[in-house]
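Encoded as structure tokens, the structure appears first; notes follow it.
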Amino acid sequence: MTKTLPRLSQFWEEAIVPALVEYIRIPAKSPHFDRDWRSNGYLEDAVQLAARWCRAHPLAGMALDVVRLEGRTPVLFAEIPGTGGSGETVLVYGHLDKQPEMTGWRAGLGPWTPVIEDGRLYGRGGADDGYAVFCAFAALRELQEARRPHARIVVLIECCEESGSTDLPAYLEALAPRIGTPALVVGLDSGCGNYAQLWGTTSLRGLLNGVLTVEVLSEGVHSGDASGVVASSFRIARAALERVEAADSGLIKDAAFHAAIPGERLRQAQLAAQVLGDEIWRKFPFTGEMRPMHPDLAELVLNRTWRPMLAVTGAEGLPPASSAGNVLRPGTALVLSLRLPPTVEATRAAQRLKEILEADPPLGARVRFEAGQAATGWHAPQTAAWLESALDAASMIYFGKPAMWMGEGGTIPFMAMLGAKYPAAQFLITGVLGPHSNAHGPNEFLHLDYAKRLTACVADLLTAHAARAG
Ligand SMILES: [Zn+2]
């Protein structure tokens, strides 16, 4: 295995980086951000680029297809027969659709302008999640060249992830006979706490959002005339929010939005806090004297992975500051985004949120909550001992440090789908979205050295899986 990393690094430089450079140039925005994705054809360009590359770097016995279900984004699907193992299947997941441009890119950088600087490949979609298909193929190529056995592998690369993977269930259904029942799922679309070791994602938070609307008048009136007689719609909205969230602490009050945190996850949060230190909060662009929500680092890890948290992400009924008069406005609408613990069922939580906000409206005001998205999070099943030790060993070999486990604060709908579909599977959910890699924001980059080492870890994991299953 001593040749694994040098060989993979060379393959990355010669074959993968040029393909990713080409991929970054394609504005393959997810359907949610490009309503005309069909006529624009960028998703098709991205999937064709990846398919061409895979055919140019074939794996022994592979069957590769771009699968297209009517009216849906395409899927790149590959089956690679096993060379060992006990006939088990490993599913490797990634996606090719991208987030939109966003503003704030540094001079010289841009979403569709690939730039390599200090070992980082800048541009939209390289890290989230264009690298995944190349990483999977490179790991398998390494195994086949070194004659290291692997089980049967299926690689599924979708083009709808940034739109909530709404096309994925149909493909899981349509491809079910070809996928089989995976014993191990490797998801290459997550984060890493640092670039110094391998990170496994143990959980994802869920998300529910919607619009809270408070109406008090049929039209705006002079606030000098009306205030004291007519309650402000903003005050009523504040009171409604206070039922959900304590304004002084950010604590979400109702038990329906909380989950018991398993003991193992508490221990892993302590460990992650020790390893990451202040970087847990320093990675955010705080202003001035602003401090994080808790002085204890492990509490911050748990806050962002296992606790419900509310953000108000938009408003209506409020004019911009420069054109606000002394008016008692007819109403206020606030967009609420509530992150949920991994194990809280989102649809039920949305119903509960509506009940709390709409119950007994103060002074008979019209208070409504229209739920929008409701996505349940994901909690990994208990990690099997062989998987834990295989990842630790790989991380020691390629990084010189043990593997780490941590929850992620975001929501990835496909994980809930895969978790529900393959309840008996083991999971390695990992990725290259480390500090400052800024997927979804400006200056997104792929940390190339980390991606190479991660590829080597994936190769070793597949070897360990085959050895165990054999
Ligand atoms: Zn992604």
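The values are calculated or read from the model by the stated rules, or taken from the named source; none is laboratory data. In this text, all values refer to a predicted model and were calculated from it rather than measured experimentally. Cβ atoms come from the backbone with ideal geometry, glycine included; neighbour counts cover every protein chain shown. We work out accessible area using only protein heavy atoms, side chains counted, and drop any ligands, DNA or RNA first. Shrake-Rupley method; radii C 1.70, N 1.55, O 1.52, S 1.80 Å.
One residue alone among 300, 338, 310 is aliphatic (A, V, I, L, M) and either farther than 30 Å from residue 266 by Cβ or not in a strand (DSSP E or B) (or both), and that residue is 300. Only a single item in (1) farther than 18 Å from residue 135 by Cβ; (2) within 16 Å of the ligand (Cβ to nearest atom) is not met by residue 92, and it is number (1). Being touching a residue at least 24 places away in the same chain (Cβ under 8 Å) and among the small types (Gly, Ala, Ser) holds for only one residue in 249, 232, and it is 232. Within the range 121-146, the set of residues being within 15 Å of the ligand (Cβ to nearest atom) and in contact with a strand residue (DSSP E or B) (Cβ under 7 Å, 6 or more places away or on another chain) comprises 123, 124, 125, 126, 127, 128, 129, 131, 132, 133, 136. Total residues in the range 26-41 satisfying the condition of being buried (at least 18 other Cβ atoms within 10 Å of the Cβ) and more than 20 Å from the chain's Cα centre (by Cα): the figure is 2.
To keep it simple, each residue is scored yes or no on (1) open to solvent by less than 10 Å² (accessible area, probe 1.4 Å); (2) touching a residue at least 24 places away in the same chain (Cβ under 8 Å); (3) closer than 20 Å to residue 178 by Cβ.
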residue: 47; (1), (2), (3): yes, yes, yes
residue: 51; (1), (2), (3): yes, yes, yes
residue: 62; (1), (2), (3): no, no, yes
residue: 69; (1), (2), (3): no, yes, yes
residue: 74; (1), (2), (3): yes, yes, yes
residue: 86; (1), (2), (3): no, yes, yes
residue: 95; (1), (2), (3): yes, yes, yes
residue: 107; (1), (2), (3): no, no, no
residue: 114; (1), (2), (3): no, yes, no
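Consider the range 422-438 and keep the residues that are away from the ligand (no atom under 14 Å from the Cβ) and in a strand (DSSP E or B). The one that is surrounded by the fewest Cβ atoms within 10 Å (Cβ to Cβ) is 426.
Taken as a whole, the structure places residue 79 among residues that are crowded, with 18+ Cβ neighbours inside 10 Å, assigned to a strand (DSSP E or B) and not aromatic (Phe, Trp, Tyr). Tallying residues that are in contact with a Phe, Trp or Tyr (Cβ under 6 Å, 6 or more places away or on another chain) and farther than 17 Å from residue 123 by Cβ within the range 431-456 yields 3.
In this structure, residue 248 qualifies as away from the ligand (no atom under 16 Å from the Cβ) and either of a type outside the set (S, T, N, Q) or in a helix (DSSP H, G or I) (or both). Within the range 265-288, restricting attention to residues that are free of Cβ contacts under 8 Å to residues at least 60 places away in the same chain and within 22 Å of the chain's Cα centre (by Cα), which residue is most open to solvent (accessible area, probe 1.4 Å)? Of everything passing the filter in the range 265-288, 282 is most open to solvent (accessible area, probe 1.4 Å). Residues that are open to solvent by 10 Å² or more (accessible area, probe 1.4 Å) and either closer than 22 Å to residue 377 by Cβ or within 14 Å of the ligand (Cβ to nearest atom) (or both) within the range 147-169 comprise 161, 162, 163, 164, 166, 167, 169, listed in sequence order. Would the range 383-390 turn up any residue that is buried (at least 22 other Cβ atoms within 10 Å of the Cβ), aliphatic (A, V, I, L, M) and either away from the ligand (no atom under 16 Å from the Cβ) or within 13 Å of residue 189 (Cβ to Cβ) (or both)? Yes; the residues of the range 383-390 include at least one that is buried (at least 22 other Cβ atoms within 10 Å of the Cβ), aliphatic (A, V, I, L, M) and either away from the ligand (no atom under 16 Å from the Cβ) or within 13 Å of residue 189 (Cβ to Cβ) (or both). Residue 207 meets each of the listed conditions (1) surrounded by 15 or more Cβ atoms within 10 Å (Cβ to Cβ); (2) closer than 30 Å to residue 396 by Cβ; (3) not β-branched (Val, Ile, Thr) apart from (2).
Looking across the range 347-367, the residues that are in a helix (DSSP H, G or I), of a type in the set (Gly, Ala, Ser) and crowded, with 17+ Cβ neighbours inside 10 Å come down to 349, 350. Among the residues of the range 58-75, is there at least one that is more than 16 Å from the ligand (Cβ to nearest atom), of a type in the set (Asp, Glu) and not in a helix (DSSP H, G or I)? Yes, that holds for at least one residue. Criterion applied to 185, 216, 211 was being touching a Ser or Thr at 6+ places or on another chain (Cβ under 9 Å) and modelled with pLDDT of 95 or more, and the one residue passing it is 216.
One line per residue, one yes/no per condition, for (1) within 16 Å of the ligand (Cβ to nearest atom); (2) outside any strand (DSSP E or B); (3) open to solvent by less than 30 Å² (accessible area, probe 1.4 Å):
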{"position": "369", "(1), (2), (3)": "no, no, yes"}
{"position": "372", "(1), (2), (3)": "no, no, no"}
{"position": "393", "(1), (2), (3)": "no, yes, no"}
{"position": "410", "(1), (2), (3)": "yes, yes, no"}
{"position": "420", "(1), (2), (3)": "no, yes, no"}
{"position": "440", "(1), (2), (3)": "yes, yes, no"}
{"position": "446", "(1), (2), (3)": "yes, no, yes"}
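When you scan the range 170-178, do you find a residue that is open to solvent by 40 Å² or more (accessible area, probe 1.4 Å), touching a Phe, Trp or Tyr at 6+ places or on another chain (Cβ under 6 Å), among the charged types (D, E, K, R) and more than 16 Å from the ligand (Cβ to nearest atom), even just one? Scanning the range 170-178, I find no residue that is open to solvent by 40 Å² or more (accessible area, probe 1.4 Å), touching a Phe, Trp or Tyr at 6+ places or on another chain (Cβ under 6 Å), among the charged types (D, E, K, R) and more than 16 Å from the ligand (Cβ to nearest atom), so the answer is no.
Taken together, 25, 35, 55 contain a single residue that is without any contact (Cβ under 8 Å) to a residue 60 or more places away in the chain and more than 21 Å from residue 71 (Cα to Cα), which is 55.
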